[in-house]
Amino acid sequence: MKKALQRTDDGLAFEDGVLTLADGRELAWRSWGDEDATPVLRIQGTPASRLSRNPDPDVQTELGVRYLMADRPGYGRSTRKPGRGIADVVDDYVELLDHFGIDRIPAMGTSGGGPHVLALAARHPNRVSAVTVVVGASPLVDDEIKQLVGVNARGYALAEQGWQPLFEFLAQVRVRLLSDEGMQGVLSDAPASDRKIMEDPKWQRLSRENLAETLRQGAEGWTDESLAMHRPWDFDPAAVRAHVTWWHGDDDKNAPLSAAKRVVAKMRDVDLRTWHGEGHFVSLTHDREIVSELISRPLPRPPH
């Protein structure tokens, strides 16, 4: 017998839950889509919550997929984990898969979710069948920092100074994000392709809902995660054995393509696909293509 799922105002089915992890922390999760759809682990960006979704529900419905999503520590309703890295946090996703009785799953990570999906594949190779990175965040060099949208460039510089200066800045940005200014105002200097996406009223409404949930606890979890990605990564991308498809725009001012190329160069089985003249958020318009490619890959033999 199927569960009676909740539905959004535009008809997308979902179920919410909270999982108590082995260390006692709570992990808030959401399953987007019908129970009998193909499961995909979808790891959202930074900052974002389990409420992240495409404004067009038909993309997911027509692909026949069910997204498993979770709030990372300190976001939404998940317990904060001070001093966290990247690799240790992805262990939470393994407990989530165990909770759902899923052995192996195709997984994708967008923006700040990119390093997390790679860490999951490197640390738990027997739990992912295929990997996709979308506009993935990567370590930057000085010339790339100068290319970033203003708020990200400032945040990157403050991360060099430590947790407290970065936290104080992100706390101020949080107030702006949760005000009428919203993401579209904070990123007003983004490329034109991104600004066009952010002009959509439905995108803005879903963004406000997502950010209100993401940052409900404050900016501490966001600061923890930003520092975890700013420091040298605590896993080796070269250890990823699954095939990775990496999608990126060449006008991305949040996660520059040149930085992504350095990570890609370290990996053993990766297909880098670039969009010309497109930025960070425009990957949303390619969602159908991205997810379709991920779920269409033949199931490989599990690694030993």
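The values are calculated or read from the model by the stated rules, or taken from the named source; none is laboratory data. What you see is a predicted model, and the numbers here were worked out from it, not measured in a lab. Virtual Cβ from ideal backbone geometry, glycine too; neighbours counted across all protein chains shown. For accessibility, only protein heavy atoms count, side chains too; no ligands or nucleic acids. Shrake-Rupley method; radii C 1.70, N 1.55, O 1.52, S 1.80 Å.
Here are the numbers for the structure shown:
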quantity	calculated
Extension reserve of the Glu199-Ala4 stretch, reckoned as 0.36 nm per residue once the Cα distance is removed	66.7 nm
Of Lys146/Lys196; Lys196/Lys261; Lys196/Lys266; Lys3/Lys202; Lys81/Lys266; Lys81/Lys261, pairs whose Cα-Cα distance is over 32 Å	Lys196/Lys266
Under 5 Å, built H, 5+ apart or other chain: amide partners of Val134	Gly109, Thr110, Ser111, Trp247
GNM result for the chain, Cα springs below 10 Å: residue of Gly11, Gly155, Gly33 fluctuating most strongly	Gly11
Residue list for region 67-94, given a label point 7 angstrom along the Cα-to-Cβ vector of Ala22 and an amide N cut-off under 14 Å	88-94
Accessible area of region 156-247 divided out per residue, in Å², using a probe of 1.4 angstrom	46 Å²
Most mobile listed residue (Asp251, Asp56, Asp143) in the chain, GNM with C-alpha springs under 10 Å	Asp143
Overall Cα dimensions of the chain - principal axes, largest extent first, Å	50, 43, 41
Under 5 Å, built H, 5+ apart or other chain: amide partners of Ser129	Ile105, Ala107
Residue with peak Gaussian network fluctuation, the chain [Cα springs, cutoff 10 Å], from Val133, Val59, Val90	Val59
Largest-first principal axis extents of the Cα set of region 136-244 (Å)	41, 36, 28
Sites Ser296 and Gln161 - FRET efficiency at Förster radius 35 Å, r taken between beta-carbons, to 0.05	0.20
Average Cα contact separation per residue, the chain, under 8 Å, 6 or more apart, as relative contact order %	21 percent
